[in-house]
Every structure is written in structure tokens, then in C-alpha cells.
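K.L.:
Take a look at this one; I'll ask things after.
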Amino acid sequence: MPLTAFETNDIQTDYKRLKGKNVVFTMTPTQAGEVTIAIFSDTCGNLIQLYQV
């Protein structure tokens, strides 16, 4: 379960930018109803969720 979540206006762009900085994603951008979510791990092992409505 993610520790926190951040809303974005362009999840695909943010996903690519973070992947380019070697951020480790546990879930690629995935459609979940009306939202798209992605989950990554921070440097302490916490899960952080990005979402776009």
C-alpha cells in the first residue's frame, strides 16, 4: 500500500522522466477506472503513488 500519492496532469511524461533518473517502479502507468496510476519505491523502500484523473 502506497505511503502517499501525488496527482499529475501527465502521468506518462512524469513516468518517463522518473524512469530516466533510475526510479524503480513497482507498477507502470495502469488504467484503473477513471484514473491512471503508477507506483514507485523511494530510496527508503516506501511506495509512492502517482495518479492522473
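K.L.:
Being surrounded by 10 or more Cβ atoms within 10 Å (Cβ to Cβ), part of a helix (DSSP H, G or I) and aliphatic (A, V, I, L, M): is that true of L50 here?
P.N.:
On the way: surrounded by 10 or more Cβ atoms within 10 Å (Cβ to Cβ): yes; part of a helix (DSSP H, G or I): no; aliphatic (A, V, I, L, M): yes.
The answer is no for L50.
K.L.:
Moving on to the next point. Mind counting the residues in segment 31-48 that are on the phi > 0 side of the Ramachandran plot and at pLDDT 95 or above?
P.N.:
1
K.L.:
Sticking with this one: Within the bounds of segment 30-40, is there any residue that is touching a residue at least 24 places away in the same chain (Cβ under 8 Å), surrounded by 10 or more Cβ atoms within 10 Å (Cβ to Cβ), in contact with a helix residue (DSSP H, G or I) (Cβ under 6 Å, 6 or more places away or on another chain) and small (G, A, S)?
P.N.:
Yes - at least one qualifying residue is present in segment 30-40.
K.L.:
Here is a follow-up. Which pairs have Cβ atoms under 7 Å, sit 6 or more apart or on different chains, and link a residue in segment 14-27 that is part of a loop (DSSP other than H, G, I, E, B) to one that is at pLDDT 95 or above?
P.N.:
V23/F40
The values are calculated or read from the model by the stated rules, or taken from the named source; none is laboratory data. Remember, predicted model here, so these are calculated numbers, not experimental data. We place every Cβ from the backbone using ideal geometry, glycine too, and count neighbours over all the protein chains shown.
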